[in-house]
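**Q** There's a structure below that I have some questions on.
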Amino acid sequence: MELAAKACPFLRNSTPSALRSLSQKPKTAMASNGLVHMAQQCPVMGKAMTIQARSAMMSGCPVSSGTRHFSGTAAKAKPAKSQVLGYASAASSNDLKASVQHELHKANPAPGAACPFKPVIPASHAVPTAGKPFDYEQVYEAELQKKHQDKSYRFFNNINRLAQQFPRAHTAKLEDEVTVWCSNDYLGMSNNPVVVETMKATLSKYGAGAGGTRNIAGNGAMHLALEEELAALHHKPAALVFSSCYVANDATLSTLAQKLPNCVILSDAMNHASMIQGIKHSGVKKMIFRHNDTAHLEELLKTLDPSIPKIIAFETVYSMSGTIGKVNDICRLAKKYGAITFLDEVHAVGMYGPHGAGVAEHLDFTDNLNRPQNSPVQTVMDQVDIISGTLGKAFGVVGGYIAGSAAFVDMIRSYAPGFIFTTSLPPAIVAGATASIQYLRSSPHERIAQQTNTRTLKAELAALDIPVVPNPSHIVPVLVGDAEVCKAASDELLRSHGIYVQSINYPTVPRGEERLRITPTPGHTDEMMGHLVRSLESVWQRNGLKRTSQWKATGGRAGVVEGAVDPAPIWTEAQLGLSASVLGHHKVAVEAAPQDTLTGQTAAHL
């Protein structure tokens, strides 16, 4: 194939998918498939195939002799072309290669000179005939049709969350209210009075927009105060705010890897699309290790020269499965093999740790509980080189950020296009984000209530044999295993039960692992939870959806397998009991001292 491609412009210029499509066309009287038919008409390949077929017949294949026909229809007295080719295909591939080489040597054509064909081009890339405009809409429709056919087309529901009735929302009709069970506003901070009032006051004073990029009119005191707050949250020297964490991950990984000579990125197989995109944009060598498989990661590290720079990119809470990254082990390997770590804490910030800094803080909960800034105590959080996070999930606003060394952050600030060439976040947004971070650094109540609701829901679903992908985090992924059925279950919950849980299909999760992703919040009451559980049971019964026991009996999927043990929750019983006895008094202090919109500070720092 490689030899033929070098000499044959048809093979060289046709895409693999186009060739594959040709090979799958139905056989005819003259050829076994469309690709063979094209080959028969080639002045080089056709002769080589004739020689090969004759050789096969002389070796004993039961084909009658006679003149071979290439005009399109086999003579009645002669064997069908497909028959001859069928026998020929059984002969040695070395014979065919020799025949091709012989014919190429005889022809010795200039590149493309002897080829009567044009390359096969997919319909979506077809060159229009002269004078006829390219049909762009046809391409769009064809691509959309693919999504509809494999059931991965995404339907967006019209959901309008009600600030004064969290977690309630109305649909397209104001009178149609539903309970939202899939929001990433994990702690309800988008309607927290401290956050909302701070944003109102800032909006009145500074207006709606930032006025430009950070370099042009978009760099104010509140942006700087937010970055200081984020750096302090993660015990890092510096932080940098982006328009979203997708942009933060993409811009940071691509820029960083490009600046490190001969860099190699080692990426967890389940990393978020933003990290994957950043790695692609960097253009550097990448190596994928199996999800949470540190033994595989070490195997890959061992193959790399110790002198070259390496980035290990991974997450703490993987949002669709709820699994937790092995932060301790990966940091140990990074140190052993001279790599740096890039840790995405997007679904963990605000949710874990005594102050909401994420899983890295949570792993040394006691040490970090009353730890002052610039403490000599070394924790797991200090071992992580770069942390990325979001302001748009547990913190309830919008935006993303990175935190790390001062020189690293300044380099990204100076080189990353995703930071430099985008409009800065509005003052009201950054002020609200700062207020939310400060509030959650002082108050554990919201995250403890969320964790408690998560435990209760998982236990009630397990009692009903409804399959939950096992994990130690706040995510409750209910396995369905079929895209169309999952969408139908989501629609039924919304239409018949007033419950909004979005179906999660490919490419967010692998095909066959489609699920309903449920996220309890502190605002979900016992009554709401009871209604959810009864509604899920109704949907499972009415549609005959597979139970946990049935998944296990048929080999299992997505961690719902025989012998699987539910991992212990990352929040321990002792940590959940700290609310009133250890940290409760801080919440009152924060509520009594709303953020000053000019300084970005509160009176309730830890």
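**Q** Which residue pairs have Cβ atoms closer than 9 Å, lie 6 or more positions apart in sequence or on different chains, and pair a first residue in region 464-482 that is open to solvent by 10 Å² or more (accessible area, probe 1.4 Å) with a second residue that is part of a loop (DSSP other than H, G, I, E, B) and basic (Lys, Arg)?
**A** From residues that are open to solvent by 10 Å² or more (accessible area, probe 1.4 Å), the pairs are 464/547; 465/547; 480/546; 481/546; 482/151.
**Q** Can you name the residue in region 478-527 that is of a type in the set (A, V, I, L, M) and in a loop (DSSP other than H, G, I, E, B) and is also modelled with the lowest pLDDT among such residues?
**A** It comes out as 509.
**Q** May I ask you to list the residues in region 120-158 that are at pLDDT 90 or above, in a helix (DSSP H, G or I) and not hydrophobic (A, V, I, L, M, F, W, C)?
**A** 136, 137, 138, 140, 141, 143, 145, 146, 147, 148, 149
**Q** Those residues that are open to solvent by less than 20 Å² (accessible area, probe 1.4 Å), touching a Pro at 6+ places or on another chain (Cβ under 9 Å) and either part of a helix (DSSP H, G or I) or of a type in the set (A, V, I, L, M) (or both), I need them from region 429-452; list them, please.
**A** 435, 447, 448, 450, 451
**Q** Which one of these does residue 349 not meet: (1) in a loop (DSSP other than H, G, I, E, B); (2) among the β-branched types (Val, Ile, Thr); (3) open to solvent by 10 Å² or more (accessible area, probe 1.4 Å)?
**A** That leaves (3) as the condition not met.
**Q** Would you mind finding the one in 545, 576, 536 that is in contact (Cβ under 8 Å) with a residue 40 or more places away in the chain, hydrophobic (A, V, I, L, M, F, W, C) and surrounded by fewer than 19 Cβ atoms within 10 Å (Cβ to Cβ)?
**A** Just one listed residue meets the conditions, 576.
**Q** Under 9 Å between Cβ atoms, which residue pairs at least 6 apart in sequence (or on different chains) link something in region 134-148 that is farther than 16 Å from residue 506 by Cβ with a partner that is of a type in the set (Ser, Thr, Tyr) and open to solvent by less than 80 Å² (accessible area, probe 1.4 Å)?
**A** Listed pairs, sorted by first residue: 138/124; 139/124; 142/124.
**Q** Of everything in region 166-190 that's in contact with a strand residue (DSSP E or B) (Cβ under 8 Å, 6 or more places away or on another chain) and of a type in the set (S, T, N, Q), which residue is surrounded by the most Cβ atoms within 10 Å (Cβ to Cβ)?
**A** 179
**Q** Being modelled with pLDDT of 95 or more and part of a strand (DSSP E or B), is that true of even one residue in region 460-472?
**A** The answer is yes; a qualifying residue exists.
**Q** Somewhere in region 408-418, is a residue under 24 Å from the mean Cα position of the chain (by Cα), modelled with pLDDT of 95 or more and part of a strand (DSSP E or B)?
**A** Scanning region 408-418 turns up no residue that is under 24 Å from the mean Cα position of the chain (by Cα), modelled with pLDDT of 95 or more and part of a strand (DSSP E or B).
**Q** Residue by residue through region 356-398, note down the ones that are buried (at least 24 other Cβ atoms within 10 Å of the Cβ) and part of a loop (DSSP other than H, G, I, E, B).
**A** 356, 357, 358, 384, 391, 393, 394, 395, 396, 397
**Q** Also, I was wondering about something else. Looking at region 550-598, which of the residues that are modelled with pLDDT under 90, among the polar types (S, T, N, Q) and in contact with a helix residue (DSSP H, G or I) (Cβ under 7 Å, 6 or more places away or on another chain) is nearest to residue 462 (Cα to Cα)?
**A** That would be 579.
**Q** How many of the residues making up region 219-247 are under 23 Å from residue 201 (Cα atoms), over 24 Å from the mean Cα position of the chain (by Cα) and either outside any helix (DSSP H, G or I) or aromatic (Phe, Trp, Tyr) (or both)?
**A** Of the residues in that region, 2 qualify.
**Q** If you take the residues of region 553-573 that are free of Cβ contacts under 8 Å to residues at least 12 places away in the same chain and more than 30 Å from residue 361 (Cβ to Cβ), which of them is surrounded by the most Cβ atoms within 10 Å (Cβ to Cβ)?
**A** Going through the qualifying residues, I end up with 556.
**Q** Please enumerate the residues belonging to region 255-274 that are under 21 Å from residue 331 (Cα atoms) and either assigned to a strand (DSSP E or B) or in contact (Cβ under 8 Å) with a residue 60 or more places away in the chain (or both).
**A** 256, 264, 265, 266, 267, 268, 271, 272
**Q** Scan region 205-248 for residues that are more than 19 Å from residue 429 (Cβ to Cβ), of a type outside the set (A, V, I, L, M) and crowded, with 19+ Cβ neighbours inside 10 Å and jot them down.
**A** 234, 235, 236
**Q** I would also like to ask the following. Considering every residue within region 487-501, establish whether at least one is basic (Lys, Arg) and free of Cβ contacts under 8 Å to residues at least 40 places away in the same chain.
**A** yes
**Q** Could you say whether any residue in region 253-265 is within 30 Å of residue 438 (Cβ to Cβ), among the aliphatic types (A, V, I, L, M) and out of contact with any strand residue (DSSP E or B) (no Cβ under 6 Å at 6 or more places or on another chain)?
**A** Yes, region 253-265 has at least one match.
**Q** Another question, then. Hey, any hits in region 299-306 for a residue that's under 21 Å from residue 246 (Cα atoms) and either of a type outside the set (A, V, I, L, M) or under 18 Å from the mean Cα position of the chain (by Cα) (or both)?
**A** No, region 299-306 contains no residue that is under 21 Å from residue 246 (Cα atoms) and either of a type outside the set (A, V, I, L, M) or under 18 Å from the mean Cα position of the chain (by Cα) (or both).
The values are calculated or read from the model by the stated rules, or taken from the named source; none is laboratory data. This structure is a prediction, so every number in the text was calculated from the model and none was measured. Please note: Cβ atoms are built from the backbone with ideal geometry, for glycine as well, and neighbour counts cover all protein chains shown. To get the accessible areas, we keep the full protein, side chains included, count just its heavy atoms, and leave off ligands, DNA and RNA. Shrake-Rupley method; radii C 1.70, N 1.55, O 1.52, S 1.80 Å.
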